[in-house]
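Trainee: I have a structure here, written as structure tokens, and I will follow up with some questions on it.
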Amino acid sequence: MTFRNRLASAICLTALLGACSAPSSTPDSSASSSTVENQQTDMKPTPPIAERRPVTIEQLGRTRTDPYSWIRDDNWQEVMKDPSVLKQDIRDYLEAENAYTKTVLEDPTVELRDELFKEMRGRIKEDDSSVPAIDGPYAYYTFYRTGGEYGVLARKPAESAFDAAVEPEILFDGDEAGKGLAYFDTGEIQHSPDHTLLASAIDDKGSEFYTISIKNIETGEALEDVIENTTGDFVWGKNSDVIFWVKRDENGRPSAVYQRILGSGTDTLIYEEQDAGFFVNIDYSDSNEFILIETGGHTTSEVYFFPADATDPELQLVAPRETDVQYSVSDFDGEFYILTNADDAVDFKIVKAPTDAPGRENWETVIPHRPGTLVLGLEAFADHLVRMERQDSLPRLVIRERETGDEHSISFPEAAYSLGMESGYEYNTTTLRFDYASPATPDQVYDYDMVTRERTLRKTREVPSGHNPEDYVVERVMAPSFDGETVPVTILRRKDTPVDGTAPLLLYGYGSYGITIAADFRTTRLSLVDRGFIYATAHIRGSMAKGYQWYLDGKLEKKENTFKDYVAAGRYLVGEGYGSAGNVVGMGGSAGGLLMGAAANLDPELFAGIIAAVPFVDVLTTMSDEELPLTPPEWPEWGNPITTEADYDTILAYSPIDQVTTKPYPAMLITGGLTDPRVTYWEPAKWAAKLRHEAPEAGPYFLRINMDAGHGGASGRLEGLKEAAIEYAFALAAVGKINTVDLTVATEPVE
């Protein structure tokens, strides 16, 4: 519900510079020298130096100075919707940073990046398609064209679902809809219950403000109903004449649910959340008999429901919100089955209650709390209840029969793997569809008969350029951390890559919001692994790899456990021969970018390079800015430094930008997106600027801001590969695998 799953001729920026000159000391009080990008044909390029315009911030009796607050456009809300309104001095600075990165990193690796891109593209089946999902008379699925960037939604008659000779009916053509747009993304795309209409939500800025449009499937005619400023989340009413949708408010928060009766041209408020720390979502119940309005923060939730055929519905509450009590709802066997951590069920339990009296006083335990076995989710069918669990850091599926209560689980052999359920459209079925993969095994889609226990392999992900899982080794090791805890680490390497300290190591990490990085299959990683890298993912505290307590032990006042776990995992891998100090590339994005900043401050000499994508690095300032979309909802994750001194001090102690000092930082590639509402563009920009000021002889630091995208970077499956190629070229340069990039620093100390 909450996000954080970021050699040319001289450039003279007159808006920021007094003159174009060689870099020199730049006092904080100077207003005449803000960005320096000096490029002579016979000299190494020097990076831009951002002007320091100190702003003093008084908060809870504490004082700090922000010299780069000017990079945050006061009109940022409008920038999210229309990037052209960005202030010119900010635009000039960001473009100067992009130009420096292009000159020093991108241009010298153009041949390598082209090679990487072709490799990664060659592993994609460009004319791929999903496994059809049956919904009444039709089977719905998506497919891609060769060379296409975006998916196409199509359908066939249900009886022809797997008949390749039957031509599909195209419902939504992403390539056509995204043609000519610098950015294009879809939210929900849903056919109406009667299969006659299609509603689609589109964002063409990267700001995550979606517009919903509706068309008649048979005629292709667009309805007059167009709904603006949505989150992209909506559901159809059961009678196909109404859409319930979620509004994104002026600060970008999912704050309310509205009803649009088709043809009315007006929207009626159904539910509005008054707490800025709660975000709103809407969904169907498993049986599609109810529509659920789910609201909550990181650790507290509340659910309302109403019949799916209602117009102007009267909401019913499942259970009132209680701080730190979470629950989610499935309808099964005529009752609500509720997954909850109530009553100190740290790893969650399952209870049930009547749909006409679902309050906590009527909750009856079905599956009790079992410490160490984390219940991740439920999926209900007419005669079976399926739950996803994680035990000993690995997921499993457990099927429960309605009539007898008998249970069985689906087992898998590999040391580390990922598992997922596909809910599909049908409720009255004995077929469960699930996905399986490992770092070496391409994704497999199975249909599983919950009665006969028979598996039918529906699809194996194709790798057109070839892939043999037997060429790779997948390992799961437990790395001792600083306090005696052990951190699960998933490792992928080629069989012929030595474990003697000579191979470069890429260490990926995240560790926030309870999100656990899956041990899945990613073809892009193979471009590094096949070049001799060992690729490791540390499942550190702040995730739920070892249960919900693992998450609790990596948040708020315990947040530094996350960073120490990651560094300890890196040092352990080095000690075991999976890498060597100074030959490790750290990688993480968003809150994982925070991890990269904190780890670089803790142990800079462990790393040869850092890739920090859309990094959440200005934690204290962001968590003190109530205007930002994610700030109030994320106080339960990080703490509230506006009201609580202890939270202020805790955050200050690890906030990467606030802890930058003169240290031997490794080379860094820092990325961001201009229209990113989750980690705003100014966080990575300010961090890069401060790194250059405080540690100018370290690095170098490459800042790359996508001026046409948001949190997820470039839209389109092929354009995204180009960004991955830049990251991997940097990683290879950082460990000395290529010599076309000069990673020595070309700048003088800045006072």
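Trainee: Which condition breaks for P664 when tested against (1) modelled with pLDDT of 95 or more; (2) buried (at least 21 other Cβ atoms within 10 Å of the Cβ); (3) out of contact with any Ser or Thr (no Cβ under 7 Å at 6 or more places or on another chain)?
Mentor: Just one mismatch for P664, condition (2).
Trainee: Among the residues of the range 698-714, are any crowded, with 19+ Cβ neighbours inside 10 Å, out of contact with any strand residue (DSSP E or B) (no Cβ under 8 Å at 6 or more places or on another chain) and modelled with pLDDT of 95 or more?
Mentor: yes
Trainee: Within the bounds of the range 262-278, is there any residue that is buried (at least 21 other Cβ atoms within 10 Å of the Cβ), under 29 Å from V386 (Cβ atoms), touching a strand residue (DSSP E or B) at 6+ places or on another chain (Cβ under 7 Å) and not basic (K, R)?
Mentor: Yes, because at least one residue in the range 262-278 is buried (at least 21 other Cβ atoms within 10 Å of the Cβ), under 29 Å from V386 (Cβ atoms), touching a strand residue (DSSP E or B) at 6+ places or on another chain (Cβ under 7 Å) and not basic (K, R).
Trainee: Right, next: Residues to consider are E389, E403; find the one that is modelled with pLDDT under 95 and either over 26 Å from D333 (Cα atoms) or not hydrophobic (A, V, I, L, M, F, W, C) (or both).
Mentor: E403
Trainee: Scan the range 161-182 for residues that are out of contact with any Gly (no Cβ under 9 Å at 6 or more places or on another chain), buried (at least 16 other Cβ atoms within 10 Å of the Cβ) and assigned to a helix (DSSP H, G or I) and jot them down.
Mentor: Hit for the range 161-182 is A177, nothing else.
Trainee: Still on this structure, I have one more. Check the range 459-466 and report whether any residue there is closer than 23 Å to S393 by Cβ and either surrounded by fewer than 17 Cβ atoms within 10 Å (Cβ to Cβ) or modelled with pLDDT of 95 or more (or both). Reasoning before the result, please.
Mentor: As a first pass, look at the range 459-466 and keep what is closer than 23 Å to S393 by Cβ: none.
No - not one qualifying residue is present in the range 459-466.
Trainee: Take I227 and decide whether it is over 30 Å from Q77 (Cα atoms), surrounded by fewer than 21 Cβ atoms within 10 Å (Cβ to Cβ) and either within 25 Å of the chain's Cα centre (by Cα) or not basic (K, R) (or both).
Mentor: Values: over 30 Å from Q77 (Cα atoms): no; surrounded by fewer than 21 Cβ atoms within 10 Å (Cβ to Cβ): yes; either within 25 Å of the chain's Cα centre (by Cα) or not basic (K, R) (or both): yes.
Here the answer is no, as I227 does not meet what is asked.
Trainee: Got a number for residues in the range 397-422 being among the charged types (D, E, K, R) and part of a strand (DSSP E or B)?
Mentor: Of the residues in the range 397-422, 4 are among the charged types (D, E, K, R) and part of a strand (DSSP E or B).
Trainee: So which residues in the range 88-112 are in contact with a Phe, Trp or Tyr (Cβ under 8 Å, 6 or more places away or on another chain) and surrounded by fewer than 20 Cβ atoms within 10 Å (Cβ to Cβ), if there are any at all?
Mentor: D89
Trainee: Of everything in the range 183-202, what is part of a strand (DSSP E or B) and under 15 Å from G151 (Cα atoms)? Give them in sequence order.
Mentor: Answer for the range 183-202, where residues must be part of a strand (DSSP E or B) and under 15 Å from G151 (Cα atoms): D185, T186, G187, E188, I189, Q190, S200, A201, I202.
Trainee: Being farther than 16 Å from K559 by Cβ, acidic (D, E), in a helix (DSSP H, G or I) and out of contact with any Cys (no Cβ under 8 Å at 6 or more places or on another chain) narrows it down to one of E637, E605, so name that one.
Mentor: Result of the check over E637, E605: E605.
Trainee: OK, next. Among the residues of the range 298-338 satisfying the criterion of being of a type in the set (G, A, S) and in contact with an Asp or Glu (Cβ under 8 Å, 6 or more places away or on another chain), which is nearest to D275 (Cα to Cα)?
Mentor: As a first pass, look at the range 298-338 and keep what is of a type in the set (G, A, S): 301, 308, 310, 319, 328, 330, 334.
Subset that is in contact with an Asp or Glu (Cβ under 8 Å, 6 or more places away or on another chain): 301, 308, 319, 328, 330.
Details: S301: 12, A308: 26, A319: 17, S328: 19, S330: 25 Å.
Only one residue tops the list, namely S301.
Trainee: Can you tell me which residue within the range 249-294, out of those that are touching a Pro at 6+ places or on another chain (Cβ under 6 Å) and assigned to a strand (DSSP E or B), is farthest from T355 (Cα to Cα)?
Mentor: The qualifying residue farthest from T355 (Cα to Cα) is F279.
Trainee: In addition: What number of residues within the range 203-218 are not in a strand (DSSP E or B) and not hydroxyl-bearing (S, T, Y)?
Mentor: Count: 7.
Trainee: Now for a different question. Within the range 313-329, which residues are in contact with a Leu (Cβ under 6 Å, 6 or more places away or on another chain) and either at pLDDT below 95 or loosely packed, with under 14 Cβ neighbours inside 10 Å (or both)?
Mentor: none
Trainee: For the condition crowded, with 21+ Cβ neighbours inside 10 Å and either modelled with pLDDT under 95 or more than 30 Å from L528 (Cα to Cα) (or both), what is the one hit in V85, V55, V79?
Mentor: When all the criteria are applied, what remains is V79.
Trainee: Test each condition in (1) under 19 Å from L630 (Cβ atoms); (2) assigned to a loop (DSSP other than H, G, I, E, B) for T662 and report the one that comes out false.
Mentor: In the conditions (1) under 19 Å from L630 (Cβ atoms); (2) assigned to a loop (DSSP other than H, G, I, E, B), T662 misses (1) alone.
Trainee: With T680, T671, T643 as the choices, which residue is surrounded by fewer than 21 Cβ atoms within 10 Å (Cβ to Cβ), of a type in the set (S, T, N, Q) and either closer than 29 Å to S255 by Cβ or at pLDDT 95 or above (or both)?
Mentor: One residue alone meets the criteria, T643.
Trainee: Here is a further query. Among the residues of the range 339-350, is any charged (D, E, K, R), buried (at least 16 other Cβ atoms within 10 Å of the Cβ) and touching a helix residue (DSSP H, G or I) at 6+ places or on another chain (Cβ under 8 Å)? Let's see the steps before the verdict.
Mentor: So the first thing to find is which residues in the range 339-350 are charged (D, E, K, R), and the list is 343-344, 347, 349.
The next check asks that each one be buried (at least 16 other Cβ atoms within 10 Å of the Cβ); those that pass are 347, 349.
Imposing the further condition that a residue be touching a helix residue (DSSP H, G or I) at 6+ places or on another chain (Cβ under 8 Å) reduces the set to 347.
Yes, some residue in the range 339-350 is charged (D, E, K, R), buried (at least 16 other Cβ atoms within 10 Å of the Cβ) and touching a helix residue (DSSP H, G or I) at 6+ places or on another chain (Cβ under 8 Å).
Trainee: Considering Y448, Y425, which residue is part of a loop (DSSP other than H, G, I, E, B) and under 24 Å from D333 (Cβ atoms)?
Mentor: Numbers: Y448 fails: part of a loop (DSSP other than H, G, I, E, B).
Result: Y425 is the single residue among Y448, Y425 that is part of a loop (DSSP other than H, G, I, E, B) and under 24 Å from D333 (Cβ atoms).
Trainee: Moving on. Run down A99, A50 and say which single residue is in contact with a helix residue (DSSP H, G or I) (Cβ under 9 Å, 6 or more places away or on another chain) and at pLDDT 95 or above. Spell out how you get there, then give the answer.
Mentor: Details: A99 fails: in contact with a helix residue (DSSP H, G or I) (Cβ under 9 Å, 6 or more places away or on another chain).
Exactly one residue qualifies, and that residue is A50.
Trainee: Could you please let me know if D267 is at pLDDT below 95 and either closer than 30 Å to E169 by Cβ or of a type outside the set (G, A, S) (or both)?
Mentor: Judged against the criteria, D267 is not a match.
Trainee: Hey, another quick one. Which fully enclosed strands (runs of 3 or more DSSP E) of the range 472-576 have 2 or more residues being more than 18 Å from A591 (Cβ to Cβ) and over 23 Å from the mean Cα position of the chain (by Cα)? I'd like the intermediate steps shown before the answer.
Mentor: Values: elements: 472-480, 486-494, 505-509, 534-538.
Strands (runs of 3 or more DSSP E) meeting the threshold: 472-480, 486-494.
Trainee: Right, here's the next one. Which condition does N239 not pass, out of (1) surrounded by fewer than 18 Cβ atoms within 10 Å (Cβ to Cβ); (2) modelled with pLDDT under 95, if it passes all the others?
Mentor: Just one mismatch for N239, condition (2).
Trainee: Taking the conditions exactly as written (hydrophobic (A, V, I, L, M, F, W, C) and surrounded by fewer than 21 Cβ atoms within 10 Å (Cβ to Cβ)), does A310 satisfy them or not? Can you show your working first?
Mentor: Working: hydrophobic (A, V, I, L, M, F, W, C): yes; surrounded by fewer than 21 Cβ atoms within 10 Å (Cβ to Cβ): yes.
Yes; evaluated as a whole, the condition is true for this residue.
Trainee: Just for the range 127-160: of the residues that are touching a strand residue (DSSP E or B) at 6+ places or on another chain (Cβ under 8 Å), among the charged types (D, E, K, R) and assigned to a loop (DSSP other than H, G, I, E, B), which one is surrounded by the most Cβ atoms within 10 Å (Cβ to Cβ)?
Mentor: Among those that are touching a strand residue (DSSP E or B) at 6+ places or on another chain (Cβ under 8 Å), among the charged types (D, E, K, R) and assigned to a loop (DSSP other than H, G, I, E, B), it is D128.
Trainee: Ok, one more. Going residue by residue through the range 619-630, is there one that turns out to be of a type outside the set (V, I, T), assigned to a helix (DSSP H, G or I), modelled with pLDDT under 95 and more than 29 Å from P700 (Cβ to Cβ)?
Mentor: no
Trainee: If you don't mind, another one. Among the residues of the range 436-464, count how many are within 17 Å of S129 (Cβ to Cβ) and out of contact with any Leu (no Cβ under 7 Å at 6 or more places or on another chain).
Mentor: Looking only at that region, the number is 12.
Trainee: Another one. Select from the range 295-306 the residues that are assigned to a strand (DSSP E or B) and out of contact with any Pro (no Cβ under 7 Å at 6 or more places or on another chain) and write down the one among them that is farthest from L552 (Cα to Cα).
Mentor: Step by step, filter the range 295-306, then rank; the result is F305.
The values are calculated or read from the model by the stated rules, or taken from the named source; none is laboratory data. Being a predicted model, the structure only gives us computed values, none of them experimental. So basically every Cβ, Gly included, is an ideal-geometry build from the backbone, and we count neighbours across all protein chains shown.
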